[in-house]
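What follows is a short report on a single structure.
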Amino acid sequence: MATFNKILLTGINGQVGHALYPKLQSLGEVIALGRDQLDLSKPDHIRDIVRTIKPDLIVNPAAYTAVDKAESEPELAHAINGIAPGILAEEAKKLNALLVHYSTDYVFDGTKTTPYIETDEPNPINVYGASKLAGEKAIQAIAGQHLIFRTSWVYGAYGRNFMRTILKLAQENKSLRIISDQFGAPTASSSIAEYTTKILRQWHTGHQHGIYHFVNEGHTTWFEFAKEILNLYFEFPAHPSPPHASTSKEVIGISAKEYTTTAKRPSNSTLSTFKIYTDFRLTLPKWQDALRKEIELCRSMTR
Ligand SMILES: NC(=O)c1ccc[n+]([C@@H]2O[C@H](COP(=O)([O-])OP(=O)(O)OC[C@H]3O[C@@H](n4cnc5c(N)ncnc54)[C@H](OP(=O)(O)O)[C@@H]3O)[C@@H](O)[C@H]2O)c1
């Protein structure tokens, strides 16, 4: 079993960082930093921190994740998502450390009609996707030991995400209008943390590295995802009745054209997970099973 002396974890206050923190502790000492302690928009600061800590594993879930806002802040998005990962890779290589980085389904344009595989040509259609693709390329150019996990539609009981937004809206609105013609895989932050740790446990120097599609199994639309969130949340009889308890009947499917956003999104960003299964013999849980767990956690937090 692989263990590490010092693990540097970025983005501790984000969804994935928060979920990773307790899991990574089973692999070694974790130094977890938020934006206040490690600002990825400042290259010299990144170098100083890594050189001081001297980790043998860097796990980087921190990112500029505001997809729409990125359209008006391309430089900042590029600094955090495009340049910083390359600096982390450079510093990791000097220390002979492994870099684990997260990327996105939004590197693809969504025109493929079947799930994307790792060797498919990326063609981002928004600033965020382009900045994340630049980060992947920067890491690959350094050619140190790295794992890049492309994930999608991340949610969980903690943080800002679609699941929590739907639950909040369900208490405020009688009906929800949700896009029904964009396809992807909702992926729980807890699954990302658990399976990252499983992979790291079996990882050794010289092991497979590169890009992996890393999502909960199956795929759906935002509309079906919203319905499942509400079905699961409100199916428990013990739940205290909210004032305007929404049901799946009150979710209305609309087309992406009817819901204008600043950034364009791919209509199909489903990712094939065949490679991760082949290399690590691991398959992340089905998205519905992962969702049930997150819903239960969410409910226990509001009791
Ligand atoms: N969320 C999704 O749906 C999604 C989909 C596909 C891929 N991904 C990828 O998955 C990874 C994890 O995403 P997530 O959902 O955990 O994101 P998240 O909840 O938005 O967390 C991102 C974290 O990055 C931090 N951050 C932002 N700017 C920073 C800076 N300049 N320096 C240091 N830290 C900074 C944020 O700090 P503050 O807390 O201070 O804001 C936040 O804690 C990211 O690489 C993301 O691109 C996410």
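The values are calculated or read from the model by the stated rules, or taken from the named source; none is laboratory data. As the structure is a computational prediction, the values presented were derived from the model and not from experiment. Reconstructed Cβ throughout: ideal geometry from the backbone, glycine too, with neighbour counts over all protein chains shown.
Scoring Y158 on the criteria (1) surrounded by fewer than 17 Cβ atoms within 10 Å (Cβ to Cβ); (2) within 14 Å of the ligand (Cβ to nearest atom) leaves a single failure, condition (1). Of the residues contained in segment 124-142, none is found to be away from the ligand (no atom under 12 Å from the Cβ), under 15 Å from the mean Cα position of the chain (by Cα) and at pLDDT 95 or above. Quick check: is even one residue across segment 189-211 touching a Gly at 6+ places or on another chain (Cβ under 7 Å), crowded, with 21+ Cβ neighbours inside 10 Å and of a type in the set (A, V, I, L, M)? No; the residues of segment 189-211 include none that is touching a Gly at 6+ places or on another chain (Cβ under 7 Å), crowded, with 21+ Cβ neighbours inside 10 Å and of a type in the set (A, V, I, L, M).
Yes/no per residue for (1) buried (at least 19 other Cβ atoms within 10 Å of the Cβ); (2) out of contact with any Gly (no Cβ under 7 Å at 6 or more places or on another chain); (3) among the basic types (K, R):
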site: K94; (1), (2), (3): no, yes, yes
site: A130; (1), (2), (3): yes, yes, no
site: E136; (1), (2), (3): yes, yes, no
site: I139; (1), (2), (3): yes, no, no
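Residue count for segment 260-296 under the criterion of being touching a Pro at 6+ places or on another chain (Cβ under 6 Å) and β-branched (V, I, T): the result is 1.
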